[in-house]
Amino acid sequence: MNHDEARTVIATGLRGIAPEADLSEVDGSQPLQDELDLDSMDFLNLMVAIHEQTGVEVPERDYPKVAHLDGLIDYLADAS
């Protein structure tokens with residue numbers, strides 16, 4: 001998966017969680033939860049949605065790596 005595909009996976013996962021989310025307006029270096037006003041349950045649901053789409057499971061110990069959009073994109077690209 002390349003970075004563009006990873007961004008699409010994230011956007012698709014967010015549709016059911018934060019349908020108003022626009023990744024083009026997100027500062028990739030800032031915490032994703034803050035940028036999109038996601039609570040911890042929303043974040044967990046995003047991880048589940050990503051797993052369902054890609055088969056990539058993000059273990060809880062790696063959550064700090066995926067807390068920012070840029071980190072999540074890199075993680076997904078590296079995992080595939």
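Out of the total accessible area of the chain (probe 1.4 Å, heavy atoms of protein only), what percent is carbon and sulfur? Intermediate values should be presented prior to the final figure.
Working: 2080 of 4700 Å².
Carbon-and-sulfur percentage of accessible area, whole number: 44.
With 0.36 nm allotted per residue and the present C-alpha distance subtracted, the Val48-Leu23 stretch has 7.2 nm of extension available. Across Gly13, Gly55, Gly28, mean-square fluctuation computed from a Gaussian network of the chain (C-alpha pairs under 10 Å connected) peaks at Gly55.
The loop-placed GluC sites (Glu not before Pro) in the range 21-57, going by DSSP, that have at most 13 neighbouring Cβ atoms within 10 Å of their Cβ come out as Glu57. Couplings 3J(HN,Hα) for the range 31-37, derived from phi with the Karplus relation 6.51 cos²θ - 1.76 cosθ + 1.60 (θ = phi - 60°), are x, 4, 4, 6, 5, 10, 6 Hz, where x marks Gly and Pro. With semi-axes √(5λ) of the Cα gyration tensor in Å as the read-out, I listed (1) 38, 12, 6; (2) 16, 13, 13; (3) 26, 16, 10; which label goes with the value calculated from this structure? Entry (2).
Express the accessible area of the chain per residue in Å², computed with a 1.4 Å probe while the remaining protein chains stay in the model.
59 Å²
Taken about its Cα centre, the chain carries a charge dipole of roughly 260 debye when the Cβ of each Lys and Arg holds +1 and the Cβ of each Asp and Glu holds -1.
The values are calculated or read from the model by the stated rules, or taken from the named source; none is laboratory data. All values reported here derive from a predicted model rather than from experimental measurement. All Cβ positions, glycine included, derive from the backbone under ideal geometry; neighbour counts span all protein chains shown. These accessible areas exclude ligands, DNA and RNA; they are computed on the full protein's heavy atoms, side chains included. Shrake-Rupley method; radii C 1.70, N 1.55, O 1.52, S 1.80 Å.
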